[in-house]
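Asker: Would you mind keeping the following structure in view while I ask a few things?
The values are calculated or read from the model by the stated rules, or taken from the named source; none is laboratory data. Predicted model, so just to flag it, every value in this text is computed and none were measured. Reconstructed Cβ throughout: ideal geometry from the backbone, glycine too, with neighbour counts over all protein chains shown.
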Amino acid sequence: MRTLRAGAACASIAVMVAGLGAYVVASSAVPQEKTIRIVSERFNYSPAEVTVRKGVPVILEFTTKDVLMGFNLPDFEAKVDIVPGKVARLRLVPDKTGTFVFLCDVFCGSGHEEMNGRLIVVD
Ligand SMILES: [Cu+2]
């Protein structure tokens, strides 16, 4: 009887320690998501070149200075409309390295076809 109770106490301490360990691991494993602000206006993005790390989540935050714009990053199937007066947010976890073109996919005027930028994903 005594042995049984001692065993149970040991087991519950073990669970508590294991739980504590899991908590510490979990809190240090959650990366702080960096916000990258991109301002669009006819017919460019500023910055037009954004560098991020593979596997590290980022929040892309968009605003437009003038008209409705789009942000489309086909290689990551990521897109969002950028509406005047609002902030558009896109969470991205880049899963491959390289240089990827993003572009405006909402017609915004005569320079729309040339409105693009580059996302560079490094290891
Ligand atoms: Cu456009």
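Asker: In the stretch 89-123, what residues are under 20 Å from LYS54 (Cα atoms), without any contact (Cβ under 8 Å) to a residue 40 or more places away in the chain and either small (Gly, Ala, Ser) or within 16 Å of the ligand (Cβ to nearest atom) (or both)?
Answerer: If the condition is that a residue be under 20 Å from LYS54 (Cα atoms), without any contact (Cβ under 8 Å) to a residue 40 or more places away in the chain and either small (Gly, Ala, Ser) or within 16 Å of the ligand (Cβ to nearest atom) (or both), then GLY98, VAL101 are the ones that fit.
Asker: So, one more: Are any residues in the stretch 60-88 away from the ligand (no atom under 16 Å from the Cβ), in contact (Cβ under 8 Å) with a residue 12 or more places away in the chain and farther than 17 Å from ILE120 by Cβ, and if so, which ones?
Answerer: Passing the criteria: GLU61, LYS86, VAL87.
Asker: Among the numbered conditions (1) within 16 Å of the ligand (Cβ to nearest atom); (2) in a loop (DSSP other than H, G, I, E, B); (3) under 19 Å from the mean Cα position of the chain (by Cα); (4) of a type in the set (Val, Ile, Thr), tell me where ILE38 comes up short.
Answerer: (2)
Asker: Specify which of the listed residues (VAL30, VAL50, VAL101, VAL87) is modelled with pLDDT of 95 or more, of a type in the set (A, V, I, L, M, F, W, C) and surrounded by fewer than 12 Cβ atoms within 10 Å (Cβ to Cβ).
Answerer: None of the others qualify; the one that does is VAL87.
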